[in-house]
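Single-structure report; data block below.
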Amino acid sequence: MLSEINFDGIIGPSHNYAGLSLGNLASAKNAGGISQPRAAALQGVEKMCANLRLGLHQGFFMPLERPDTAWLAELGTTAEEADDRLLANALSASSMWAANAATVSPAPDTRDGKCHLSVANLVTMPHRSHEWPGTLAQFKLAFAHPAFAVHGPVPPPFGDEGAASHMRLCATHGTAGVEVFVYGITGGPFPARQHVEASRAVARTHGVNRALFVQQSEDAIAAGAFHNDVVAVANERVLFTHERAFAEKDTFYADLRTALPEVEIVEVPANRVSLADAIQSYLFNAQLVTLPDSGMALILPTEARDNVPVWSWLQEMVAGNGPIRQLVPVDVRQSMANGGGPACLRLRVVCNAADVDPRFLADEAKLDAVAAVITKYWPEAIDPTELRSPTLWADIRRARAALLSTLSLDALLSN
Ligand code: SUG
């Protein structure tokens, strides 16, 4: 039985606000602020628990080894000797945003009938460019079953940011879908992180039967939508999108309707919700999910509830006769302050849960155990001016080691 599992990145003990992501407005705005890794990680766990209570399948990925001394060694330096910026890049907890970990093409979409996963190279941002080896190590454990094919990253310089710029539309999760690869070309002062060459490479490697390549609008990138999942999200037959998300939306919508006649496009007009409000509130960085009773719910950040035009539009939408029936606000404010909403924190994998290494699958008891480790070991606060502290590095390593040991994943210690 194929079902959708959301794998969340557990928010790592080094979570901090170093302002590393050009084009990510929240990261820039909160640069230099004091972070709260413990509260951040507990918010993430609470989101997972809430999703379990909704009847959804949940998994998780481990935080990566930080500071990443292997990466610093490749650069000819050490944590002690690296300059402040390089050290901050080596310490980032950015692997929490699992939507950027990989692109996933489920078995019904691919030529060989396997579920393909390609880890993303994330080359555009230095702090994210060294995530992939640790991610790959986890995937080799989690998805070792022959039902999966795990691939390394697309080679640079072609930027790949994984599932955050990939949408899958299908009648139901278990049936063949059309995969939409969204890429950027330019975005004014900000980099376009997903390159079409990378999107095409992933689609070829996965053997995707039906793929569409769609350009993200320049305006969206310039307004701060550094990934497509900040302005659009899809689930089964529904595309929920801002009017200005795509460069040539009419062609895209027409192609989509041809590929999947039952598609329902729920478009939020710019005259009701501006791009600026959409990006500030992260309305689209929501988990659009199918509940067990087969209605759809939007799991969105509390920031969307706090934004008046956004919330009034959403309330009208659920009161109407559309496919999205329920709004579920969740508090992930610590992650949001770095530009990561509920959808950034998860990677969707449609597969048979029995084929996944059970150590990566969540239930309430396991999440209680994870929360206990976080409460005991995660730093309460990190001031980015203190990132040079060897005591902090030791605390971060001890915290991660405790988590790995609790989940019998000590094999990942050096990744
Ligand atoms: O890549 N923030 C992440 C947020 C990723 C959101 N993911 C999705 N949209 N799917 C990024 O910009 C901030 C790091 C810092 O400034 O310390 C950061 O990396």
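What follows draws every value from the coordinates through simple rules; no lab data is involved. Predicted, not measured: the structure shown is a model, and the values here were computed from it. With ideal geometry, Cβ positions are generated from the backbone for all residues, glycine too; neighbour counts draw on all protein chains shown.
A few notes on this one:
- Beta bridges from DSSP with both residues in the range 3-412: antiparallel share about 50 percent, rounded to the nearest 5.
- Here's the picture: charge each Lys and Arg Cβ at +1 and each Asp and Glu Cβ at -1 in the chain, and of ALA73, LEU169, GLN280 the one pushed furthest to the positive end of that dipole is LEU169.
- GLY177 long-range amide H proximity, modeled H, under 5 Å: ASP109
- The chain - percent relative contact order, Cα under 8 Å, separation 6 or more: 23 percent
- Placing unit charges on the Cβ atoms of the charged side chains and taking the dipole of the chain about its Cα centre, the candidate lying farthest along the positive direction among THR302, GLY159, GLY322 is GLY322.
- Residue-wise HN-Hα couplings along the range 198-210, as the Karplus relation 6.51 cos²θ - 1.76 cosθ + 1.60 with θ = phi - 60° gives them from phi, are 5, 4, 5, 4, 5, 4, 5, 4, 7, x, 6, 5, 10 Hz; Gly and Pro carry x.
- Restricting the GluC sites (Glu not before Pro) of the range 227-257 to loop positions (DSSP other than H, G, I, E, B) with no more than 15 neighbouring Cβ atoms within 10 Å leaves GLU248.
- Relative protection proxy for 87-94, 310-317, from highest mean packing down: 87-94, 310-317 (other beta-carbon atoms within 10 angstrom).
- Distance from the range 132-184 to the range 246-321 (C-alpha centre basis), Å: 23 Å
- Built amide H within the under 5 Å cut-off of VAL330, gap 5+: LEU300, THR302
- Karplus-derived HN-Hα couplings along the range 242-259 (A = 6.51, B = -1.76, C = 1.60, θ = phi - 60°), whole Hz, x at Gly and Pro: 6, 4, 9, 6, 10, 5, 10, 5, 5, 5, 4, 4, 5, 4, 5, 5, 5, 6
- Around the amide H of LEU288, modelled in the peptide plane, lie the amide H atoms of ILE299, all under 5 Å away and 5 or more residues distant in sequence or on another chain.
- FRET efficiency for the pair ALA50 and THR406, taken as 1/(1 + (r/R0)^6) with r the Cβ-Cβ distance and R0 = 30 Å, rounds to 0.90.
- Working note: Karplus 6.51/-1.76/1.60 with θ = phi - 60° gives the range 224-232 the couplings x, 8, 6, 9, 4, 6, 8, 10, 7 Hz, where Gly and Pro are set to x.
- Most fluctuating residue given options PRO108, PRO63, PRO155, as computed from a GNM of the chain linking Cα atoms under 10 Å: PRO155
- Signed unit charges on C-beta, dipole axis of the chain, positive-most listed residue ALA354, LEU407, GLN58: ALA354
- Members of LYS140/LYS366; LYS114/LYS366; LYS47/LYS249; LYS140/LYS376 lying beyond 31 Å, as alpha-carbon distances in this model show: LYS47/LYS249
- Residue of SER118, SER105, SER274 that the Gaussian network model of the chain assigns the largest fluctuation, springs spanning Cα pairs under 10 Å: SER274
- Take each peptide in 123-134, 71-82, 2-13, count the other Cβ atoms within 10 Å of every residue, and average; sorted highest first, the result is 2-13, 123-134, 71-82.
- Note on the chain: GNM, Cα springs under 10 Å; of ASP395, ASP112, ASP83, the largest mean-square fluctuation is that of ASP83.
- Over the range 181-280, the Kirkwood radius and the radius of gyration, each from Cα atoms, give a ratio Rg/Rh of 0.96.
- Structure-based [θ]222 nm, the chain - -39500 (n - 2.57) summed over DSSP H runs of at least 4, per residue, nearest 500: -9500 deg cm²/dmol
- The equivalent ellipsoid of the chain has semi-axes of 31, 23, 22 Å, largest first, where each one is the square root of 5 times an eigenvalue of the Cα gyration tensor.
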